[in-house]
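The values are calculated or read from the model by the stated rules, or taken from the named source; none is laboratory data. This structure is a prediction, so every number in the text was calculated from the model and none was measured. Cβ placement follows ideal geometry from the backbone for every residue including glycine, while neighbour counts extend to all protein chains displayed. These area figures cover heavy atoms from the full protein model, side chains too; ligands, DNA and RNA do not enter into them. Shrake-Rupley method; radii C 1.70, N 1.55, O 1.52, S 1.80 Å.
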Amino acid sequence: VYYNRAYSYLAAAGQIYDDSNYIVNIAMDDEKVNQFTSELSDEIFGSFHESSIHGTDYSFFATSITPGGRRGDIAGLVAGYKTYSIKTFYGINVSAILELLRNRALCYGFNTQSIYCGFDASVLEHLIIPELGIAIVTSNSYHAIDATDSYYDYPIDNLLCDCALYSVKDDLKYNVNRFDELIDRAIRALNRARIMHAEIEKIYYSAMDFHRLNIYCDSVIKQIVNK
């Protein structure tokens, strides 16, 4: 019951998240985005050329929503890297920018580490290029990267059309409040599920014959090894 409720809250939060991204994408100035991406790309890769050996991308997650709340440490993950921090708001993603930078890095033969959003697995949030000692991260209220840890901060506000955004600011504010509320309710439901699961585990634990379980596990391992 609690798991179903948690995932219902998360699904509702996802609808709001998509709406916020839709609103901001309409307000995005494509010319400014392209210019920003091109300039940042040239700054990172300016002295390199395309390689005959294509780089390899490794994908993983570094944040998640858990019964104990939001978990993840992006600042610790990029510690020691020259970090370009793209500051966003309301959790707005900048996947398109990071994907272009990743593609260029791979074309130059560099391996990359793609870190995806723990809430929306389709969203590329952070990119690390270990061989260059460089990280490009999305920084917002859910995982902020302090300016002292960053090589340079790029506020996404500079890439938006103020006129287009002005009329929907109230909608965005409403969305972020509802999104946070739904995420908090999902976390509470997950925590209730964890507590109930622990109570059920106590019942199973007292009834479990661990000696017979170990014998069974050993027999399965032997079957696997002998194949």
> Restricted to the range 127-167, and to residues that are among the acidic types (Asp, Glu) and farther than 27 Å from Glu181 by Cα, which residue is surrounded by the fewest Cβ atoms within 10 Å (Cβ to Cβ)?
Replying inline: Asp162
> So which residues in the range 18-39 are open to solvent by less than 20 Å² (accessible area, probe 1.4 Å) and within 21 Å of the chain's Cα centre (by Cα)?
Replying inline: Ser20, Asn21, Val24, Thr37
>> Suppose we keep only residues that are touching a His at 6+ places or on another chain (Cβ under 9 Å) and of a type outside the set (Ser, Thr, Tyr) within the range 118-144. Which one would you say is nearest to Phe89 (Cα to Cα)?
In response: His143
> Inside the range 93-118, can you point out the residues that are surrounded by fewer than 20 Cβ atoms within 10 Å (Cβ to Cβ), in contact with a helix residue (DSSP H, G or I) (Cβ under 8 Å, 6 or more places away or on another chain) and under 25 Å from Thr66 (Cβ atoms)?
Replying inline: Gln113, Ser114
>> If I ask for residues that are in contact with a strand residue (DSSP E or B) (Cβ under 7 Å, 6 or more places away or on another chain) and open to solvent by 40 Å² or more (accessible area, probe 1.4 Å), which ones from the range 46-69 would you list?
In response: Asp57, Tyr58, Ser59, Phe60, Phe61, Ser64
> Looking at Asp218, is it among the acidic types (Asp, Glu) and either in contact (Cβ under 8 Å) with a residue 40 or more places away in the chain or under 30 Å from Ala6 (Cβ atoms) (or both)?
Replying inline: no
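Residue-wise test of (1) more than 20 Å from the chain's Cα centre (by Cα); (2) at pLDDT 85 or above.
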{"residue": "Phe110", "(1), (2)": "yes, yes"}
{"residue": "Glu125", "(1), (2)": "no, yes"}
{"residue": "Tyr151", "(1), (2)": "yes, no"}
{"residue": "Cys163", "(1), (2)": "yes, no"}
{"residue": "Arg192", "(1), (2)": "yes, yes"}
{"residue": "Glu201", "(1), (2)": "yes, yes"}
{"residue": "Asp209", "(1), (2)": "yes, yes"}
{"residue": "Lys222", "(1), (2)": "yes, yes"}
